[in-house]
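Report on the following structure.
The values are calculated or read from the model by the stated rules, or taken from the named source; none is laboratory data. All values reported here derive from a predicted model rather than from experimental measurement. When we count neighbours, we look across all protein chains shown, and the Cβ atoms used for this are built from the backbone with ideal geometry, even at glycine. When the accessible area is computed, the model is the full protein with side chains, heavy atoms only, and any ligands, DNA or RNA have been set aside. Shrake-Rupley method; radii C 1.70, N 1.55, O 1.52, S 1.80 Å.
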Amino acid sequence: MTGRGRPSSQNTGAVAVQQDLAVRLAEMARDLQRAVERPDVMTRTVRAAVALVPGAEDGSVSLVQGRRRITSEGVSSDLPRTFDHLQVATGQGPCLDSAFEHLTVRVDDLSADERWPDLAVRAADTGVRSCLCLQLFVEGDDLGALNLVSRRPRAFDDESEQVGLLLASHAAIAVADALHLQGVRRALANRDLIGQAKGVLMERHKVTSQQAFDLLVRASQDANRKLVDVAEALTATGDVGG
């Protein structure tokens, strides 16, 4: 997993961060390690970002699949959720840019920003005035960004951006692991179902494990159904047809 992009052009250089930042980031990392389920990881990531990044009032994690399907997770309130939906509806905005193109995108005053004219017009009613969006990961055509918003203009400064980048580097690992673990768990569950179905066939037909698997594959092909669906039907009903 590698990140793409570059720091925003508004980044004027490194600034001093609080002396306890490293300690607080380490605590955040340990907290994320304790989270197992995907929603919990997202919620803890956003909660930590809102607490640690100067100027942040609310936040969310945007996940982009296949560069088309965008979902918001771990949202701290209706404000970032509404803002995310508006960016999806207009097809433009700082969070989309941070996910697809830039490492960070900072907006001092959305109502006066000319980069996203359609969004600026429609965002006035959301209450969002400034935001900081940080790329979390890029994995093929799947991307993720951490979005922090404020109702105040110019709520984020260089310190916010530097702290946000440090936090995002920790959070990216947890978020990517959560997404990977979900796939691993699904694969393990499917493997267990296939194993159970093989056991049923081995007992019923007195065949070997490989022969039972071949029977499942043949039933899957004949029914034009996924192997795991056939296995699930067999274990639930005793019949491959479900």
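Worth pointing out:
- Of the numbered criteria (1) open to solvent by less than 40 Å² (accessible area, probe 1.4 Å); (2) at pLDDT below 90; (3) of a type outside the set (Asp, Glu); (4) in a helix (DSSP H, G or I), the one VAL207 fails is (4).
- Screening the stretch 49-97 for residues that are under 14 Å from PHE156 (Cβ atoms) and of a type in the set (A, V, I, L, M) and picking the one that is surrounded by the most Cβ atoms within 10 Å (Cβ to Cβ) gives ALA49.
- Inclusion of LEU193 among residues that are at pLDDT 85 or above, part of a strand (DSSP E or B), touching a helix residue (DSSP H, G or I) at 6+ places or on another chain (Cβ under 8 Å) and of a type in the set (A, V, I, L, M) is not warranted.
- Restricting the first member to the stretch 212-224 and to residues that are more than 15 Å from MET202 (Cα to Cα), and the second to residues that are open to solvent by 100 Å² or more (accessible area, probe 1.4 Å), the beta-carbon pairs closer than 7 Å and six or more apart or on different chains are SER220/LYS226.
- Screening the candidates ARG115, ARG106 for the property of being over 14 Å from ALA145 (Cβ atoms) and among the basic types (Lys, Arg) yields one hit, ARG115.
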